[in-house]
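First up is the structure itself, then whatever we jot down about it.
Laboratory data are not the source of any read-out in this text; all were calculated from the coordinates shown. Only a predicted model underlies this, so the values are computations on that prediction, with no experimental measurement involved. All Cβ positions, even for glycine, are placed from backbone atoms using ideal geometry, and neighbour counts span all protein chains on display.
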Amino acid sequence: MDKLLFGISGLPIGDGKKRFNYSSGMEYIKSIGLDAMELLFVRNVNVTDKNRDEILKTKIENGIYLSAHGSHYINLNADEIEKQEQSVDRIIKAMEGLLKVKGRSLIFHPGFYLKDSREEAYRTIKENLLKLPYKGVDYRLETTGKPSQFGSLEELVSLCKEIEHCKLCIDFAHIHARENGSLKTYRDFANILQYVLNELGKDAIEDIHIHMGGINYNIKGERNHLPVLESDFNYIECLKALKDFNAKGCVILEGPLVEKDALLLKNTYKKL
């Protein structure tokens, strides 16, 4: 990657009068100055043999960076082996769907601790991640928003060091919520980027995948996404840190205002 791209999770909202699909949504976000879209495979893999050609054509014509978010029903540390196997299968099917439209990164939450210790959950999740085939789509492990979920920054960085086909998705809003509002200053964001740089090297900063947005939380962690300006997420200091570290890759906005907040992030970044 040669710069930092900005885009949205799912479909844009536009003026509320038009319903978008992936193809028309990409055309629209390109027309307003955005660069990327994260397809939502959270309920099903909705790239099919019927729509893949149109999606791929629009992606290429508009130079859109495509990623996808995997199923919400993934738990690589489920108590039942059958459910672990089903989770692996869901990840593979999502990867194959994204591959059809030449997407770059598949983002997903690896699982939950349940009754296991952190070390036990780590071992089981690692074993299941090693079963995933690499076909050109990076598996991006996303930092999670609740302490009950496996997926602290440290856990995921460690997995990325051990498994070649796994990379990191830093969800700054999730980290903020997971730690009950911990990200307040420039230094808080810079410390995260420095940790990633130290542990995973320069390549992890120059091919970074980020989720950002407003978030509502309590002591138990994430509750729901909010518009950026209605939250306490310090997006300006986060963007400053990304610029100072010369981060390159993709920033995806998650939240109810979709492209409006994505443009807020991109325009703010350009002015720094």
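Assorted remarks:
- Shape category assigned to the stretch 10-104 from the gyration tensor of Cα positions, a/c cut at 1.5: prolate
- At least 20 Å along the helix axis (C-alpha) and Kyte average at least -0.5, DSSP helices within the chain: 81-100, 186-200
- C-alpha center-to-center spacing [the stretch 35-87, the stretch 213-250] in angstrom: 24
- Separation in nanometres of the label points that stand 7 Å from Cα toward Cβ, at Lys184 and Lys271: 2.5
- For the stretch 50-113, the list of chymotrypsin sites (Phe, Trp or Tyr not before Pro) that fall in a loop by DSSP and count at most 12 other C-beta atoms within 10 angstrom reads Tyr73.
- Label point distance in nm, Arg123-Asn224, each placed 7 Å from Cα along Cα→Cβ: 4.0
- Here is how the number arises for the chain: DSSP H runs of 4 or more residues each give -39500 (n - 2.57), the sum is divided by the residue count, and the result at 222 nm is -12500 deg cm²/dmol.
- Three-way shape call for the stretch 143-251 based on the alpha-carbon gyration tensor, with the a/c threshold at 1.5: oblate
- Charge sum, other residues only, whose C-beta stays under 14 Å from Arg223's C-beta, Lys/Arg counted +1 and Asp/Glu -1: -1
- Relative to the Cα centre, the charge distribution of the chain, modelled as +1 at Lys and Arg Cβ and -1 at Asp and Glu Cβ, gives a dipole magnitude of about 720 debye.
- Taking 0.36 nm per residue of separation and subtracting the Cα-Cα distance, full extension of the segment from Asn191 to Leu114 would add 24.8 nm.
- For the peptides 175-184, 49-58, the ranking by mean Cβ contacts within 10 Å, running from highest to lowest, is 175-184, 49-58.
- Under the simplified labelling scheme, the Asp49-Ser148 pair shows an inter-label distance of 4.1 nm, with each label point 7 Å from Cα along Cα→Cβ.
- FRET efficiency, 1/(1 + (r/R0)^6) with R0 45 Å, evaluated for Asp15 and Lys161 via beta carbons: 0.45
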